[in-house]
Amino acid sequence: MQAAFEQGERPSTAPTSLHSPLVIGQCKTLDVDHAGLKLNLATSAQPSDEVARMWSDLAAEMAKMLSTPAKVTLIVTDRFVDTVRGLEGEVPETLGGTQNYDPTKPDGSLAVARTLPLHDRTVVVVNAGLVAMGRAAIRRVLHHEAQHVRLHQADDIAWAMHRRAPFERPIGFGYAHVYLAQSMIDEYRCEAAVASAVARAATELDETPNGYPAIASLFCAIRTQFVKSGDLEAAYESSLIALNRLGPYLAYATATIARGELRADEWLAVEPVRIVAETLLTIPPASTPRGYAELQGDVTDAVHALDAISNHLGFKVGVDEDADQAFLYFY
Ligand SMILES: [Zn+2]
């Protein structure tokens, strides 16, 4: 989950006279409820009782949403990036593996939480600074991440599904496109499964039509830079990075339609939403299993939707199958 968010803010460390029933301190692990979900509050400063209790309550709420909470660890940390990077090596190759996680996005927004599917458990890492955005925002982030956990526990993640199930790469597109499509599908399914009341309580985390120009301008900047430098490889890399920002934006946008918060016509100014919604709205939210056979078709459709969006934005990225080479054209 990502949000426009200032890095480095920490939960209140004001001393409190309350005697917390919880043993919480640096890197102490705490069982928050009988279902066994582990909450690890790993902040450099001791959080106040109030903050600790809030995390504990919300972790317990998260546990209730999961079929196997005992295989989940929730880490709340002010060393967010280091913690994610430290765990990346444990993500199995079949689940995509990851390396050198970077939470910053090209338009300046910043990821605040990440769910890592490991082979015997799922770890959700949340930036402790999220406290600055308040309880409703934290609740929304945890509800979204709980859906990622759900997808992992149900063996229903689209990301890297081609490593776990039969998959035919769409002709003319490389795996970079396949991953973009898979990520967009997972983000859509998770966000569409967040209860509307939970989402509406924290609308500051919504994607809105107003957010689109900043993302569209990324593509204009790539073209301008290319005209100046002639560096096609750099333009290719940058266009994939920009698509990687656009995909989740479109996923969140389409989820507002799925949850009934915005009508499709309220997104009319954002043509890519119309294009991608044709595919995404046919896919059930994370609360309903999809299965790899269906996901394969969904991923292929989403690859083609991303291609149509690229064309709309004035460029085309793909693979020349005969030459076995990636290409980028500007129109
Ligand atoms: Zn997500």
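Using a Förster distance of 25 angstrom, determine the FRET efficiency expected from the C-beta separation of Glu93 and Ala35, and round it to 0.05.
Details: r = 30 Å, r/R0 = 1.20.
Efficiency, from the Cβ-Cβ distance: 0.25.
Once both labels are positioned 7 Å from their Cα atoms along Cα-to-Cβ, the gap between Glu168 and Arg135 label points is 5.3 nm. Which of the lysines could be linked to Lys316 by a straight reach, that is with a Cα gap under 28 Å, when you skip same-chain ones fewer than 8 residues away? Lys316 reaches Lys105, Lys228.
Pairs of Cα atoms in the chain fall into 10 Å distance bins, from 0 up to the last occupied one, in shares of 6, 25, 34, 23, 9, 2, 0, 0 percent.
Counting each DSSP H run of 4 or more residues in the chain as -39500 (n - 2.57), what helix-only mean residue ellipticity at 222 nm follows after dividing by all residues, to the nearest 500 deg cm²/dmol? Could the numbers behind the result be given before it?
Details: 9 runs with 145 residues, N = 331.
Mean residue ellipticity at 222 nm (helix-derived): -14500 deg cm²/dmol.
Placing a label point 7 Å from the Cα of Val227 along the Cα-to-Cβ direction, the residues of segment 310-331 whose backbone N falls under 13 Å from that point are 330-331. Given +1 at the Cβ of Lys and Arg, -1 at the Cβ of Asp and Glu and no other charges, the dipole of the chain around its Cα centre is 800 debye to the nearest 20. Can you pull the Kirkwood radius for segment 231-273, inverse mean 1/r over Cα pairs, to one decimal in Å? With all distinct Cα pairs of segment 231-273 included, I get 11.6 Å.
For segment 92-163 versus segment 210-266, the spacing of their alpha-carbon centroids is 21 Å. Note on Lys38: lysines with a C-alpha under 27 Å away, same-chain residues under 8 apart excluded, are Lys28, Lys64, Lys71.
Every number here is computed from the coordinates shown, using simple stated rules; none is lab data. Not measured: the values here are computed from a predicted model. Backbone-built Cβ (ideal geometry, glycine too); neighbour counts: all protein chains shown.
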